[in-house]
Amino acid sequence: MRKNSADKQPEVSASMISCELIFWRHGKCENEGVLRGKTDSAPEPSAIQAIAERAANMPVPHAIFSSPLRRCLELAEAMALPLGQAVQLQPGLAEMDFGDWDGRSLNELWQQEPIEAWWQAPWDQNAGNQLPPNGETMQAFEARVDEVIAQILCDVQDGERLWLVTHGGVIRCMMASLLGANRVAGFYNRLDIPHGACVRTRWFATAQGWQGQLIWQNMELVR
């Protein structure tokens with residue numbers, strides 16, 4: 001996906017295949033205030049209900065994909081149940097693995113670890129791009145997100161609308177790529193993706209590959 005991101009709006013032809021990918025971030029979890037990557041925290045039931053009710057007012061998707069982590073999967077299942085659909089698991093939609101930092105208190109990490117410097121420029125050798133210890137590098141995470149989106153797009157039909165229930169890091173990675181801001185220091189910190197956020201994107205199959213657009217809209221967020 002990254003190499004096919006467009007800097008300008010694609011020229012649309014009558015024969016061009018297009019689709020919508022709608023990214024949902026999971027709701028709040030029971031143990032807030034921790035760095036939550038691979039940590040499989042339980043979601044708050046009230047958050048699932050609120051987000052699922054909002055999703056029920058949107059056009060019906062042709063398919064629903066989800067990260068395998070509980071905070072996403074339980075939400076995706078609540079969305080899919082009234083539609084009679086089965087959720088399709090996609091491990092590539094999982095949050096970044098923060099290794100030894102995963103599941104630890106954010107306040108503790110900020111005081112004891114170089115997380116601030118790393119998060120400002122996680123690709124920078126001087127900032128320690130191998131951090132977090134025993135975790136996933138940002139380069140590997142970006143490649144994984146690109147791969148799962150490409151895999152989903154590979155099987156899409158013209159005009160389809162797909163829901164992807166995932167995590168804040170995955171959504172930031174996707175948005176940075178579409179905006180041509182991947183590997184811009186500090187960019188992830190400038191994207192506020194609240195719990196329950198819904199980010200719409202439109203994708204076009206062109207001779208150069210898939211190209212995507214962000215679709216801005218006003219929508220009440222369930223936090």
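Remark: relative contact order (the chain) = 36 percent; criterion is Cα-Cα distance under 8 angstrom and separation of 6 or more residues. Summing +1 for each Lys or Arg and -1 for each Asp or Glu among the other residues whose beta-carbon sits under 13 angstrom from that of LEU191 gives +2. In the chain, the sites counted are chymotrypsin sites (Phe, Trp or Tyr not before Pro) in DSSP loop states with at most 15 other Cβ atoms within 10 Å, and the longest stretch holding none of them, exclusive of the sites, is 1-122. For Cα Rg over 2.2 N^0.38 Å, computed directly from the structure shown, the correct entry in [x] 0.94; [y] 1.01; [z] 1.40 is [y].
A dipole drawn for the chain from +1 and -1 charges on Cβ atoms has a positive end, and of ALA76, ILE64, CYS198 the residue lying farthest that way is CYS198. Net charge dipole, segment 20-171: roughly 340 debye, given to the nearest 20, about the Cα centre with Cβ charges of +1 for Lys and Arg and -1 for Asp and Glu.
Taking K and R as +1 and D and E as -1, what net charge do the other residues with C-beta under 9 Å from the C-beta of LYS38 add up to? Numbers along the way, then the final one.
Details: positive: ARG36; negative: ASP40, GLU95, ASP97, ASP102, GLU136.
Once all neighbours under 9 Å are counted, the net charge is -4.
Projecting the Cα atoms of GLN111, PRO45, TYR188 onto the charge dipole of the chain (Cβ charges, centred on the Cα centre) puts TYR188 farthest toward the positive pole.
Each of PRO91, GLN157, PRO133 was scored by the projection of its Cα onto the charge dipole of the chain, and the greatest displacement toward the positive side belongs to GLN157; charges sit on the C-beta of Lys, Arg, Asp and Glu. The length gained by stretching the chain between GLN157 and ALA56 to full extension, at 0.36 nm per residue less their Cα-Cα distance, is 34.1 nm.
No lab work stands behind these numbers, since they all come straight from the coordinates. This one's a predicted model, so the numbers in the text were calculated from it and none came from an experiment. Quick reminder, even Gly has a Cβ in these numbers, built from the backbone with ideal geometry, and neighbours come from all protein chains shown.
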